[in-house]
Structure formats: C-alpha cells, structure tokens
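A short worksheet on the structure shown next.
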Amino acid sequence: RKGIPAAQDALATYRANGEGEKEAATLCVLAKMHMGKGESEMALQMAKDAITKYEELGQSVGAALDVAMDIYMKMGSKDDAVFTAQQEIERLKQVGDPEEEAAITMKVAQLHLKTGKPDQAAGPASEAASLYKSCADKQGEVEATVLLGQIKLAARDRKDAQQYAEVAIKMGQEIGAPATDSIVAGLKIFTEVSAMTKTFQAGFDAAIATMNWFKGSGNGKGEGG
C-alpha cells in the first residue's frame, strides 16, 4: 500500500498505540496529500485534526497551522487563514504561552506581507516583537525586527526600514551564530534602502562592516561559507 492508504494505515496504528505526536504529524502529511489531489475539504479537516491533537498534547501547533493556512490560501480564502491563526492566538493568550503566541502572530504578519498588505502586517509584527521581548527570546525578537524592516521596505518607508535593519544587525551580532540568517536579512534590507536612496556608500560600508564581523566571529558566512 502506498500514498494515502499507507498513511491512513499508519494513522490508525499510531492512534491505537497512543502515539499522539506521530498521529498529529501523519495528519499533516495526509492533509498535504489530499490537497495535492484537489480534495481541499478533506485536507482542511485533516489539518484541523492535527491542530487539535497538538493542542491536546500541549505541543506547538505551528507545523499543523502552516498546513491549514496554506490550504486556505490555495482555496483563495486568506480571511479564513488569518481567522484560524487568530483563534489559536486567542487560545494561547488564555493558557499563557507568549512565546508560541509570538510565533503564530509572526505567521499572520508574514502572510499579510506575502499577499502585498504591509499595512496589515505591521501590527502583528510589532506585537510579535513585543511578545518575544517579554519572554527574553532574543532570537525571536531579532527575527521579528527583521520582519518589521521588510514590512517597512515593502511600504516604501525607507527611513524606518533602514532603522529596523540596523537594529536587527546589531541585535544579531550580540546573539552570534544562531542569528546569522537574521543578520544577512537585515543587511539585505539596509543595502536595498541604500540603492533606493542612492546612498551607495552607506550600503557598502554596512556590508564591509558585517563581513568583517563574520570573519572576526568565526561564523564564516560573509566569506561564502
């Protein structure tokens, strides 16, 4: 047995054995499989079941929520995607999980940005940054700061975009290697703004300074590694 039948067999086994985490992961796989066959309603139900199972387990619903939101977007239902995420955010407020709340709020901001609505993305991104800061999650905070820079860039608010980029680069350098991607993303925003405003020297100086930091920190990404 292959494909959906094989996944259904695995799902039944995991349920019978009480292996909740594997059950939830398999529901996500089935949701993607059904969506691949154009069976959107069945796919959505599987994704919702996965979210419920992760909630029961007290684990992050992020992976299942990504699947559900993706299905809604393929169905042309952005409002439903946002509503589903918002429901989860409200639940997390009730149980008191600010870090997971921040992660889901980031997803909402990213969705708005991806669909060309930076004005709608700014609020959730700021909220995510505040939530990450409240639970001392520096990594999350720098990622949210980069996102704010990207949002401001998309809105052609160059001054704020550059400021967020500068803050993100500085925060990322304080964190070190785990924030490498955020540092690079912040530099990209900075250089794009420099190109837009024709302040090429500022962008060049920022790039050189960042490359020197990478060399000095031993992360090596600035040298193509």
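Annotations
- Modelled spin-label separation between Ala63 and Gln8, with each label point placed 7 Å from Cα along the Cα-to-Cβ direction: 2.3 nm.
- Inter-label distance, nm, simple model (7 Å from Cα along the C-beta direction), Arg15/Lys37: 1.6
- Counting only aspartates and glutamates at least 8 places from Lys188 when in the same chain, those with an alpha carbon closer than 20 Å to its own are Glu141, Glu143, Asp157, Asp160, Glu166, Glu174, Asp205, Glu223.
- Applying the Karplus relation 6.51 cos²θ - 1.76 cosθ + 1.60 with θ = phi - 60° to the range 188-198 yields 3J(HN,Hα) values of 4, 4, 4, 6, 5, 5, 4, 5, 5, 8, 6 Hz, where x marks Gly and Pro.
- A cut-off under 14 angstrom between Cβ atoms defines the neighbours of Gly20, and their net charge, with Lys, Arg +1 and Asp, Glu -1, is -3.
- Computed on the range 51-161, with alpha-carbon pairs under 8 angstrom and 6+ residues apart, the relative contact order is 17 percent.
- Additional length obtainable on full extension of the chain from Lys215 to Arg91, 0.36 nm per residue less Cα span: 40.2 nm
- Taking the square roots of 5 times each eigenvalue of the Cα gyration tensor of the range 102-218, largest first, gives ellipsoid semi-axes of 23, 19, 9 Å.
- The range 49-64 - phi-based ³J(HN,Hα) in whole Hz, Karplus 6.51/-1.76/1.60, Gly and Pro as x: 4, 5, 4, 4, 5, 4, 4, 4, 7, x, 10, 4, 8, x, 5, 5
- With 0.36 nm allotted per residue and the present C-alpha distance subtracted, the Ser134-Met196 stretch has 18.9 nm of extension available.
- For the chain, the normalised intensity computed at q = 0.07, 0.10, 0.11, 0.13 Å⁻¹ comes to -0.29, -0.56, -0.66, -0.85 (log10 of I(q)/I(0), Debye sum over alpha carbons, equal scatterers, no solvent).
- Based on alpha-carbon atoms, the Kirkwood radius and the radius of gyration of the range 9-96 give Rg/Rh equal to 0.99.
- Förster-model FRET efficiency, 25 Å R0, Val184 and Lys117, C-beta, rounded to 0.05: 0.50
- Listed pairs Lys48/Lys78; Lys93/Lys138; Lys74/Lys107; Lys37/Lys107 exceeding 18 Å between Cα atoms: Lys93/Lys138; Lys37/Lys107
Values in this text are rule-based calculations from the coordinates and carry no lab data. Since we're looking at a predicted model, the values are computed, not measured. A quick note on method: Cβ atoms are made from the backbone with ideal geometry, for glycine too, and the neighbour counts reach across all protein chains shown.
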